[in-house]
Protein chains: 2
Amino acid sequence: MAATSAPAANANGSHASAAARVGAPTNPMATALLTDQYQFSMAYAYWKAGKHADRAVFDLYFRKNPFGGEFTVFAGLEECVKFIANFKFTEDDITFLQSVMPTCEGAFFGYLREIDCSDVEVYAIPEGSVVFPKVPLIRVEGPVAVVQLLETPFVNLINYASLVTTNAARHRHVAGKSKVLLEFGLRRAQGPDGAISASKYCFMGGFDATSNVLAGNLFGIPLRGTHSHAFVSSFMSLDDIPDKTLKSKDGSRVCNDFVSLVKEWLQKIQVADSLSGAFGETNQSELAAFASYALAFPSNFLALVDTYDASGIRLDSGDLAYLSIEARKVFCAIEKDFNVPGFGKMIITASNDLNEETIDALNKQGHEVDAFGIGTYLVTCYSQAALGCVFKLVEINSKPRIKLSEDVAKVSIPCKKRCFRLYGKEGYPLVDIMIRESEPSPKAGERILCRHPFIESKRAYVVPQHVEELLQCYWPGKSNKPRAELPSLEKIRSRCMQQLEKLRPDHIRRLNPTPYKVSVSAKLYDFIHYLWLNEAPVGELQ
Amino acid sequence: MAATSAPAANANGSHASAAARVGAPTNPMATALLTDQYQFSMAYAYWKAGKHADRAVFDLYFRKNPFGGEFTVFAGLEECVKFIANFKFTEDDITFLQSVMPTCEGAFFGYLREIDCSDVEVYAIPEGSVVFPKVPLIRVEGPVAVVQLLETPFVNLINYASLVTTNAARHRHVAGKSKVLLEFGLRRAQGPDGAISASKYCFMGGFDATSNVLAGNLFGIPLRGTHSHAFVSSFMSLDDIPDKTLKSKDGSRVCNDFVSLVKEWLQKIQVADSLSGAFGETNQSELAAFASYALAFPSNFLALVDTYDASGIRLDSGDLAYLSIEARKVFCAIEKDFNVPGFGKMIITASNDLNEETIDALNKQGHEVDAFGIGTYLVTCYSQAALGCVFKLVEINSKPRIKLSEDVAKVSIPCKKRCFRLYGKEGYPLVDIMIRESEPSPKAGERILCRHPFIESKRAYVVPQHVEELLQCYWPGKSNKPRAELPSLEKIRSRCMQQLEKLRPDHIRRLNPTPYKVSVSAKLYDFIHYLWLNEAPVGELQ
C-alpha cells in the first residue's frame, strides 16, 4: 500500500528532491485541498491586498492537557513534514477552486498554481516528546497566504495523533510496564485512517501490538489476534474436524488423533478432585472450534472462551477480575495434578470495553490478566474527543501580533519565540520557558526568572542543571539551517517512554496530578502586556 | 483526487466489470488488508478444517440507538459496496501476510490469492434510511472465510458513518428547518478521512455545507467559510490596503476610494443617536482587515468580529444569544436611520463549541442567529464515541446459529431473515418485523402477530396499511437477483430527510423519546427460544 500521491512537477529541484526523500503522507487523501474553504478566501483577500508574500510566523499549540491530566504526548509531526514536502496544487485542484470561487480574479489561480512550501520554515519539538499547554509544538514561518493554507491540515494531523498517543500513554501508565497492551480499535475508529492513525499512535504511546493488519504492513507494528465468537459458533461438533493429525513443532512426534486426545483430557479434568465443578457440561461446538483452532495454531493457541459461557482464555465478558482469578486457579491445578509444567502460567487476555478507569479498578480489585485488548475507548478517545490545537499568528513582517479574548486562556502569546526546558538537580524537568528570539538562551548554572505569562504574581527564579532547546528545524525552507532527521516509529516510541519516565511522578499520576509549569522570560512578559494594553479596547460603562 | 487503488487482475470478468462500474472506496487505504489479524487466523483455521467454503450468513446490526435517542440513520453502505467490488489481495499483500503468519501452510496463501467477492451476496437497507436496534442493516452471505474477512472493514465503514449522520440529523432537528447548518469539523476530526467522512455524512444527515474543500471536491457538497482571527490581526491599519477601488457587481458603478467611504460611514454610525454607545473605539487593524476582505468579496462579505471585541458578524465567542440580538438591533437601526434596505436582515452566523444542547439552550433563550457553524462536537460525536455495530453469524450451511450471553441485549437473533417495516393508518411506521426466510411476507390489510424477540409478554397484533421490505440486494454475487442502484449523495440526503419527517414525532423528540418497536414473527420467536435452550449450558448451583 504505497501512498502514491506523487507531487506535481516542480520547478524548484531541491524542493522536489526533498519531497522524494521525505516521502508522501500515509493517507493519499492528505493533499493541498484538505483545508478549510476560508483559508482560500483569506489567501485571495491577502493576494488582493498585495499582502500574500508578507512573512508570517504562526504557532501551533494547545491550551489544556487532555483527559484531566497534566501532560500530553506530541505526535503527528512526521505526517506534517510529509504534507508540506508534497504540498502543490494539481491542475484539477485549480479547476475545482476556480469553480467554487467564481468571483475571484483569474490571476489569483495563476498564483496558486505556482506556490509550494519551498519558502516555508518549520520548527518543531521532536515527535514523541512530552509537551505542555501554550508552548508551541510547531512554529511555521513563510508567506502568509501559504502558511495560512497549512493551518487546517496541520491541526488535523496533530490533533488526533497527539490525543490518541496521550491516551495510549495513560493506558500504559495505569496498566504498568509488565502487562501486554493490544490495540483492538479498527472497527470502532472514525473510518479507515482514524483506525490506521490510532494503531500507529497507540504503538507510539506504549502499546505492544495491534489487530490492524494494514497498520502492521504500513508501520511494522506487531500484529495480534485470536478468533471471534462467530468462529466458535460455526462449528457443530467434533465431527467437523476432518484432519486430526498434530505434529510437534520440530516434527519429531506426531499425534494421529488429536480429537480423541482432547476428549480423553476433558474426561480426566471433569473427574479431577481439585477441579470439581469447574467443568460441568461442555458445549460441543465450542470444543470443536477450540480443537480445530489448536490444530491450526499449535504453537500460539489462544481461545476465546465466552461464546456460550465464560471459563477459560481470552475473556470478553463478565467479571474480568473474578474470571481471570478462577481461570488461573484451574490452570495451576492442572499444572499440579497432571504434571504439565508451565500450564499455570498460561496467558490470560481480557477485552470488552476496557479503558483507563476499568483497568485501574481491576488493579484495585486484584486480577490475573496478563494482556489487555483495548478498542473503543482508546481509539475514539471517549473521555475527551479532541485536543483543541490552535494555529495562531504571532508575528507578521517582524511585527509581533496578539489575539485577545475575554477568556485569558484564549489570549495568544505574541512574537517569534524560542522555547527551552529547564532541568533540576534530580534530573526532572522543572519548567518550560519561552523567550523572544533576540534574547540570549538560558544557560545551565545561570539563574533565570521564569514568569507566568498572564498572572503577575506567579514567578520564580530557576538555576537549571541542564537546558534543552525544544524547537528544532524540520523544514529549513530557503534558510540554510540543518534539517533534523525524522526518526523511525520505534525511536519515537522509545523517546516517548523515556520522556514519561523522566517526568516527576506527581505530574503523571491519575489522581490530582500537579500541573507542570510553563513560563515566559521577564522580557517577553513585559512585551506581552505592553501589546495587550495597546490592542485591547477601553470599555465604557453606561 | 481519484481514488485509484485499482483492483488486481481478476479472472472473473463480470466481477471485475462490476468493480469498474461501482468505483473504488473514497479512501484508497480501504483495501483488503484493512481488517483485524484474527480474521486471517480464523480464515486459516477454517481452511485447515476444510470449512472455508461453508456457506455462511452474517448480520450487521447495532444494539442501542446513540445519543440517548430512539433512532439512527444508516450510512456507509456505498463505501461497503465499493469495498467488496474491489476486494482482492495483491502480491505484496500476500507476501506481507506470509511474513506475519509464518506457521501457516503455503497452500493457504494460494487460496487467499484466488479469493474475491464474486460469490458473496450483500443485502442491505437503503443508505439514508432511519433504522433501529437489532434489525440487520446489512446481511452478507458467502464462503465463511471470505465473509469473515469483511467483518472488520464493514463495521469500520458503517459505524462512524451512521453515528455522525445520526448526530447531524439530531442537530438539524434541534436547529429547525429554516436555519443554515455548516460543518466546520476538519481540524478536529480523527485525521484526514475522519474529516472527509464527517463532511460527507453530516451533509447526508441534513447539513447545508462544509468548510472542507476536499470534501467539496469529492462529493459536490457546497463549501462555506469566511476568515480567521489571524487574518484580522495580520492587518495593521487602513494604510495596508493599496487598491481601494470597488466596482458594483454589474460593473456599472465604481467607488474609487472604498476606504474613505468606510471611514465616512464609521463616523456617521458613531454619532447616530439610535446606536449611541454601540460603537466606541474601533480597532484599526480589524477595520483594515474587514475593508480589505470586503474589497476581495464584495458580493459575499462575512466578517469574523470578535478578534478584539465582539460586536457584529460571525460570532465566535461570548454570549451568542445576547450578542446576536444586539447585532440584529444595530443592523435594524442602520437599515432604518440610514435607509439601507435589507441591512437589518444581514446574516448572523454563530460558531464556537456548538452542539445539540447549546443550540437547544439558545432556542429557549431566544436569539437572532441565522446560521450555525459546528465542528468538534459534531464530527467527534462527543456525546457518544461509537455506535457499536456488530457482525454476527446467524446461519452456516443452512443451519441457524445463535450467540448467547448472560446479557440478553447481547444475544443474537439467529437465522437468515427477511425484514419489513409496517405502516399504520396515519402513514407513520408502526413496527419493524423480522421473519424467517421461508415464511410468507406480511401483507397490507392482513393481521400479523409481532413479538418482542426476548420478552414473552411483549406482543401485539398489527394490521399494516402498507408494508415495506427493508433489505434490498446491493451485490448479487452468483445469484441472479437484480442489483439495487447506489443513489447519489443528494438522493440519499433527501431520503434521510423524508424518512425523519415520516417518523412519529415522539420517536424523534429530544426529551424522553418513545422507543420504536422492533419485533419478530411468532415462528421466529419460537425458533429463537428453542435454539437458546438447546445451546445454553445448564448451570449447577453448589
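Could you please let me know if B:ASP273 is modelled with pLDDT under 80, over 28 Å from B:PRO222 (Cα atoms), surrounded by fewer than 19 Cβ atoms within 10 Å (Cβ to Cβ) and of a type in the set (Asp, Glu)? It is true that B:ASP273 is modelled with pLDDT under 80, over 28 Å from B:PRO222 (Cα atoms), surrounded by fewer than 19 Cβ atoms within 10 Å (Cβ to Cβ) and of a type in the set (Asp, Glu). Across segment B:42-53, the number of residues qualifying as within 16 Å of B:PHE89 (Cα to Cα) and facing another protein chain (nearest Cβ under 7 Å) comes to 1. Sub-9 Å Cβ pairs linking a first residue in segment A:355-367 that is closer than 17 Å to A:ARG188 by Cβ to a second residue that is hydroxyl-bearing (Ser, Thr, Tyr) and not in a loop (DSSP other than H, G, I, E, B), at least 6 apart or interchain, are A:ASN355/A:THR376; A:ASN355/A:TYR377; A:GLU356/A:TYR377; A:THR358/A:TYR377, ordered by first then second residue. For segment A:203-225, does any single residue satisfy the condition of being over 30 Å from B:ALA189 (Cα atoms), in contact with a helix residue (DSSP H, G or I) (Cβ under 9 Å, 6 or more places away or on another chain) and either of a type in the set (S, T, N, Q) or crowded, with 24+ Cβ neighbours inside 10 Å (or both)? No - not one qualifying residue is present in segment A:203-225.
Within segment A:513-525, residues that are within 14 Å of A:CYS419 (Cβ to Cβ) have Cβ atoms under 9 Å from residues that are open to solvent by less than 20 Å² (accessible area, probe 1.4 Å) and among the acidic types (Asp, Glu) in these pairs: A:TYR516/A:ASP432; A:LYS517/A:ASP432; A:VAL518/A:ASP432; A:SER519/A:ASP432, counting only partners at least 6 apart in sequence or on another chain. Which residue is nearest to A:PHE40 (Cα to Cα), if the candidates are limited to segment A:95-123 and must be modelled with pLDDT under 95 and either β-branched (Val, Ile, Thr) or not assigned by TED's automatic domain parsing to the domain that holds A:ILE138 (or both)? If we take residues in segment A:95-123 being modelled with pLDDT under 95 and either β-branched (Val, Ile, Thr) or not assigned by TED's automatic domain parsing to the domain that holds A:ILE138 (or both), then A:VAL100 is nearest to A:PHE40 (Cα to Cα). Within segment A:196-216, can you find the residues that are among the β-branched types (Val, Ile, Thr) and at the interface with chain B (Cβ under 7 Å from one of its Cβ atoms)? Answer for segment A:196-216, where residues must be among the β-branched types (Val, Ile, Thr) and at the interface with chain B (Cβ under 7 Å from one of its Cβ atoms): A:ILE196, A:VAL213. If only residues of segment A:76-97 that are open to solvent by less than 20 Å² (accessible area, probe 1.4 Å) and aromatic (Phe, Trp, Tyr) are counted, the one that is farthest from the other protein chains (Cβ to nearest Cβ) is A:PHE87. Considering only residues that are at pLDDT 70 or above and within 11 Å of chain A (Cβ to nearest Cβ), which ones fall in segment B:302-326? Residues satisfying the conditions are B:ARG314, B:ASP316, B:SER317, B:GLY318, B:ASP319.
Go over the candidates A:VAL73, A:VAL100, A:VAL122 one by one and state the one that is open to solvent by 10 Å² or more (accessible area, probe 1.4 Å) and β-branched (Val, Ile, Thr). Can you show your working first?
Working: A:VAL73 fails: open to solvent by 10 Å² or more (accessible area, probe 1.4 Å); A:VAL122 fails: open to solvent by 10 Å² or more (accessible area, probe 1.4 Å).
None of the other options fit; the residue is A:VAL100.
The residues in segment A:331-383 that are open to solvent by less than 10 Å² (accessible area, probe 1.4 Å) and touching an Asp or Glu at 6+ places or on another chain (Cβ under 6 Å) can be counted, and the count is 3.
Starting from residues that are outside any loop (DSSP other than H, G, I, E, B) and touching a helix residue (DSSP H, G or I) at 6+ places or on another chain (Cβ under 6 Å), keep the ones in segment A:384-399 and report whichever is nearest to the other protein chains (Cβ to nearest Cβ). Lay out the reasoning, then the answer.
To start, the set of residues in segment A:384-399 that are outside any loop (DSSP other than H, G, I, E, B) comprises A:390-396, A:399.
Narrowing further to those that are touching a helix residue (DSSP H, G or I) at 6+ places or on another chain (Cβ under 6 Å): A:391, A:393.
Details: A:PHE391: 8, A:LEU393: 4 Å.
Among residues in segment A:384-399 that are outside any loop (DSSP other than H, G, I, E, B) and touching a helix residue (DSSP H, G or I) at 6+ places or on another chain (Cβ under 6 Å), the one nearest to the other protein chains (Cβ to nearest Cβ) is A:LEU393.
Contact annotation: residue pairs with Cβ atoms under 6 Å, 6 or more positions apart or on different chains, pairing a residue in segment B:223-234 that is in the same structural domain as B:ALA198 (by TED's automatic domain parsing) and assigned to a helix (DSSP H, G or I) with a partner that is hydrophobic (A, V, I, L, M, F, W, C) and at pLDDT 85 or above, are B:ALA230/A:LEU393; B:PHE231/A:MET42; B:PHE231/B:ALA289; B:VAL232/B:ALA289; B:SER233/A:LEU393.
Do we have B:PHE219 as farther than 30 Å from A:LYS399 by Cα, of a type in the set (A, V, I, L, M, F, W, C) and more than 8 Å from every other protein chain (Cβ to nearest Cβ) here?
Numbers: farther than 30 Å from A:LYS399 by Cα: yes; of a type in the set (A, V, I, L, M, F, W, C): yes; more than 8 Å from every other protein chain (Cβ to nearest Cβ): yes.
Considered against the rule, which asks whether it is farther than 30 Å from A:LYS399 by Cα, of a type in the set (A, V, I, L, M, F, W, C) and more than 8 Å from every other protein chain (Cβ to nearest Cβ), B:PHE219 comes out as yes.
Is it the case that A:CYS80 is under 24 Å from A:ALA53 (Cα atoms) and assigned to a loop (DSSP other than H, G, I, E, B)? No. Any residue at all in segment B:360-371 that's in contact with a His (Cβ under 9 Å, 6 or more places away or on another chain) and either assigned by TED's automatic domain parsing to the domain that holds B:CYS80 or at negative phi (or both)? Within segment B:360-371, not a single residue is in contact with a His (Cβ under 9 Å, 6 or more places away or on another chain) and either assigned by TED's automatic domain parsing to the domain that holds B:CYS80 or at negative phi (or both).
When only residues in segment A:188-216 that are hydrophobic (A, V, I, L, M, F, W, C) and assigned to a loop (DSSP other than H, G, I, E, B) count, which is farthest from B:LYS399 (Cα to Cα)? Steps first, please.
Within segment A:188-216, the first condition is being hydrophobic (A, V, I, L, M, F, W, C), and the residues that meet it are A:189, A:195-196, A:198, A:202-204, A:207, A:209, A:213-215.
Those left that are additionally assigned to a loop (DSSP other than H, G, I, E, B): A:189, A:207.
Working: A:ALA189: 33, A:PHE207: 40 Å.
So, considering only residues that are hydrophobic (A, V, I, L, M, F, W, C) and assigned to a loop (DSSP other than H, G, I, E, B), the one farthest from B:LYS399 (Cα to Cα) is A:PHE207.
When A:LEU500 is tested against (1) assigned to a helix (DSSP H, G or I); (2) out of contact with any His (no Cβ under 9 Å at 6 or more places or on another chain); (3) closer than 18 Å to A:VAL131 by Cβ, just one condition goes unmet, and that condition is (2).
Would you be able to say whether some residue in segment A:242-254 is at the interface with chain B (Cβ under 7 Å from one of its Cβ atoms) and in contact with a helix residue (DSSP H, G or I) (Cβ under 6 Å, 6 or more places away or on another chain)? No, every residue in segment A:242-254 fails to be at the interface with chain B (Cβ under 7 Å from one of its Cβ atoms) and in contact with a helix residue (DSSP H, G or I) (Cβ under 6 Å, 6 or more places away or on another chain).
Among the residues examined, B:ASN534 does not qualify as part of a loop (DSSP other than H, G, I, E, B), open to solvent by 80 Å² or more (accessible area, probe 1.4 Å) and out of contact with any Asp or Glu (no Cβ under 7 Å at 6 or more places or on another chain). Checked against the criterion of being among the hydrophobic types (A, V, I, L, M, F, W, C), open to solvent by 10 Å² or more (accessible area, probe 1.4 Å) and away from chain A (no Cβ under 14 Å), segment B:184-195 contains not a single residue that satisfies it.
Conditions (1) open to solvent by 50 Å² or more (accessible area, probe 1.4 Å); (2) modelled with pLDDT under 95; (3) under 21 Å from the mean Cα position of the chain (by Cα), marked per residue:
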residue	(1), (2), (3)
A:ALA8	no, yes, no
A:GLY23	no, yes, yes
A:ASP59	no, no, yes
A:ASN65	no, no, yes
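Within segment A:418-470, the set of residues being open to solvent by 40 Å² or more (accessible area, probe 1.4 Å) and of a type in the set (A, V, I, L, M) comprises A:LEU430, A:ALA444, A:LEU449, A:ILE455, A:ALA460, A:VAL463. B:VAL262 satisfies every condition listed in (1) under 30 Å from A:THR95 (Cα atoms); (2) more than 9 Å from every other protein chain (Cβ to nearest Cβ); (3) among the β-branched types (Val, Ile, Thr) except (1). Of all the listed residues (B:ALA361, B:ALA371, B:ALA409), the sole one being under 27 Å from the mean Cα position of the chain (by Cα), aliphatic (A, V, I, L, M) and within 13 Å of another protein chain (Cβ to nearest Cβ) is B:ALA409.
Among the residues of segment A:384-406, those identified as under 17 Å from the mean Cα position of the chain (by Cα) and surrounded by fewer than 20 Cβ atoms within 10 Å (Cβ to Cβ) are A:GLN384, A:GLY388.
Being at pLDDT below 95, at the interface with another protein chain (Cβ under 8 Å from one of its Cβ atoms) and closer than 27 Å to B:ILE413 by Cα is the requirement here; does B:ALA30 meet it? Before you say what the answer is, go through the steps one by one.
Working: at pLDDT below 95: yes; at the interface with another protein chain (Cβ under 8 Å from one of its Cβ atoms): yes; closer than 27 Å to B:ILE413 by Cα: no.
So B:ALA30 fails the test.
The values are calculated or read from the model by the stated rules, or taken from the named source; none is laboratory data. Predicted, not measured: the structure shown is a model, and the values here were computed from it. For neighbour counting, all protein chains shown are included, and Cβ atoms are generated from backbone atoms with ideal geometry for every residue, glycine included. For the accessible areas, the whole protein counts, side chains as well, though only heavy atoms, and no ligand, DNA or RNA atoms are used. Shrake-Rupley method; radii C 1.70, N 1.55, O 1.52, S 1.80 Å.
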